[in-house]
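These notes are about the structure you will find just below.
Read-outs: derived from the displayed coordinates by stated rules, not from any lab. Given the structure is predicted, the values throughout are model-derived calculations rather than measurements. A quick note on method: Cβ atoms are made from the backbone with ideal geometry, for glycine too, and the neighbour counts reach across all protein chains shown.
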Ligand code: GLN
């Protein structure tokens, strides 16, 4: 599997390490042409407004929508989750509008800007270590979306067919099982296209 990490802003190198540890070939993606050779794409954490602006500037919005429509796998982490969402609380416009969910940005407030915890994830045997940094929450999901992890009754990871999203940073620990889960998704998606 060849997986790209959108490298406009945010934590790119750490995702590349996680994908490689999961047996994929991983590359940083800066231009839309580079999407053609990929089986999947990670949209990393960072700042969603900035990532959204740069995506518009470099024509990534339509290109990634097409990539998704072809059934290729997408994984948004933290700001990347916000970028995937159809709806963002308190904002008129969203970005890619691919995942049927409403997200709340900076949902943990100032008192708890960042923290680490262990989370159960459906499809992964033992709890995974998760790092939350000014994290969003998924406040509501549509019918086609499977909730795969919650923290204190709030949704922090979900999947919709070829799309995966989590509130936290799975790339900031050396526990890369969510990357392995995503590489498996990309593999299944590729088998479905063949
Ligand atoms: N708070 C950021 C945003 O709203 C996301 C934070 C992150 O990616 N660590 O875009």
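What FRET efficiency do you get for residue 140 and residue 37 if R0 is 41 Å and r is their Cβ-Cβ distance, rounded to the nearest 0.05?
0.70
How high is the relative contact order of the chain, in percent, counting Cα pairs under 8 Å that sit 6 or more residues apart? Walk me through the numbers before you get to the answer.
Values: 431 pairs, mean separation 41.5, N = 194.
Once divided by the residue count of the chain, the mean separation gives 21 percent.
Rounded to the nearest 0.05, what FRET efficiency do residue 21 and residue 122 give with R0 = 22 Å and r taken as the Cβ-Cβ distance? Could you check?
For R0 = 22 Å, the calculated efficiency reads 0.50.
Count the DSSP beta bridges whose two residues both fall in the chain, then state the antiparallel fraction as a percent rounded to the nearest 5.
Numbers: 21 of 40 bridges.
DSSP beta bridges in the chain are roughly 50 percent antiparallel.
Taking only Cα atoms and a 10 Å spring cutoff, compute GNM fluctuations for the chain and point out the largest among 170, 127, 136.
127
Fully extended, how many nm does the chain gain between residue 66 and residue 154 (0.36 nm per residue separation, minus their Cα-Cα distance)?
28.6 nm
Shape of the range 33-85 from its Cα gyration tensor (a ≥ b ≥ c, root eigenvalues): rounded if a/c is under 1.5, otherwise prolate when a/b > b/c, or oblate? Each step should come with its number before you reach the end.
Details: a/c = 1.98, a/b = 1.36, b/c = 1.45.
Verdict is oblate for the range 33-85.
Return the equivalent ellipsoid semi-axes of the range 82-194 as a descending list in whole Å, where each equals the square root of 5 times an eigenvalue of the C-alpha gyration tensor.
Over the Cα atoms of the range 82-194, the ellipsoid semi-axes are 22, 20, 11 Å.
Residues of the range 1-17 with backbone nitrogen within less than 19 Å of a virtual label 7 Å along the Cα-to-Cβ line of residue 113, please, listed as ranges.
Those under the cut-off are 10-11.
For residue 50 paired with residue 28, estimate the spin-label separation in nm (one decimal), with each label point 7 Å from Cα along the Cα-to-Cβ line.
1.4 nm
Let me know the Rg and Dmax you get for the chain when you use only its Cα atoms, in Å.
Spelled out, the Cα radius of gyration and Dmax of the chain are 15.0, 49 Å.
Just to be sure I understand: with springs between alpha-carbon atoms less than 10 Å apart, which residue in 83, 29, 42 has the highest mean-square fluctuation in the Gaussian network model of the chain?
29
At 222 nm, what value in deg cm²/dmol follows for the chain if DSSP H runs of at least 4 each add -39500 (n - 2.57) and the sum is divided by all its residues, to the nearest 500? Working shown, then result.
Working: 5 runs with 52 residues, N = 194.
Here the helix-only value at 222 nm equals -8000 deg cm²/dmol.
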